[in-house]
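These notes concern the structure reproduced below.
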Amino acid sequence: MGVPHYLCGMFVRRKVNKSGSTSIQVVDKSGGGYRVVSSLGTAKEEWELKRLEARGRQYVREHSHPELPLFEQGIDDRLEELLSGLGNSQVQVIGPEVIYGKLYDEIGYGAVGSKMFRHLVVCRLFNPGSKLKTIDYLARYLGEYYTSDQIYRFLDNLCRRKGETPDKPDIKSQVERISFERTKRECGGCVEVVFYDMTTLYFEASDEDDLRKCGFSKDGRHSNPQIFLGQLLRMDEEQQELYGIVTYHSKS
């Protein structure tokens with residue numbers, strides 16, 4: 001049926017005929033029911049249908065009551081003049097910054113003092129993608145222009161721990177410290193860390209049993225029976241505990 005174009009009680013609609021053609025009609029619903037006011041013609045090509053719909057909208061404008069302006073005429077004119085001069089480069093997306101930027105500040109990352117780090121974090125949460133897509137997003141929607149070299153150089157500095165000095169603080173250490181303090185507060189002042197790792201072991205055998213089953217293999221030996229081997233390490237001030245897990249991979 002198409003999307004009708006409403007204006008007051010009349011609108012333009014498409015009506016598909018049994019012959020395969022489509023009729024363009026002006027329909028009035030102001031009385032509660034549907035009444036065909038005018039039939040503009042039939043067509044099969046999209047460009048012809050759009051031309052007929054344009055005639056239908058013109059018919060509706062000519063036979064409807066004049067629309068009341070939303071604002072006074074002078075205000076309407078000034079708004080139109082203002083908006084007509086805006087381009088895409090002058091429009092910015094502020095929603096992600098309003099939501100994720102607030103979380104960023106509440107956690108405490110604002111103390112890092114890096115504008116690029118803030119943009120990368122917010123963009124990663126809202127619009128995750130490659131480095132090049134991130135650069136394109138920042139330029140198109142925020143008016144922030146970075147090169148790929150600037151991004152990679154910043155990530156190198158972020159991942160490589162350096163000596164912290166008053167004039168050049170170590171960003172990695174700052175981020176780790178802020179993240180830990182925030183986690184500690186959320187956990188009531190006590191943070192427990194558990195390290196674990198898992199891998200697969202295959203056997204040079206063709207027969208399966210209750211434990212060894214053919215399946216996923218990190219070594220690419222999918223046709224051999226496999227098991228998963230897991231290690232769990234819990235560390236605290238008094239002891240270190242090591243747990244071994246041997247199981248069929250679907251149980252992990």
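A short reminder: the numbers here are calculations on the coordinates, not readings from a lab. These numbers come from a predicted model, not from an experiment. When we count neighbours, we look across all protein chains shown, and the Cβ atoms used for this are built from the backbone with ideal geometry, even at glycine.
By average Cβ neighbour count within 10 Å, what is the ranking of 93-99, 132-138 from highest down?
Taking the mean over residues of other Cβ atoms within 10 Å, the ranking is 132-138, 93-99.
If you look at just the Cα atoms of the stretch 95-186, how large are its Rg and its Dmax in Å?
My reading of the Cα-based Rg and Dmax gives 13.7, 38 Å.
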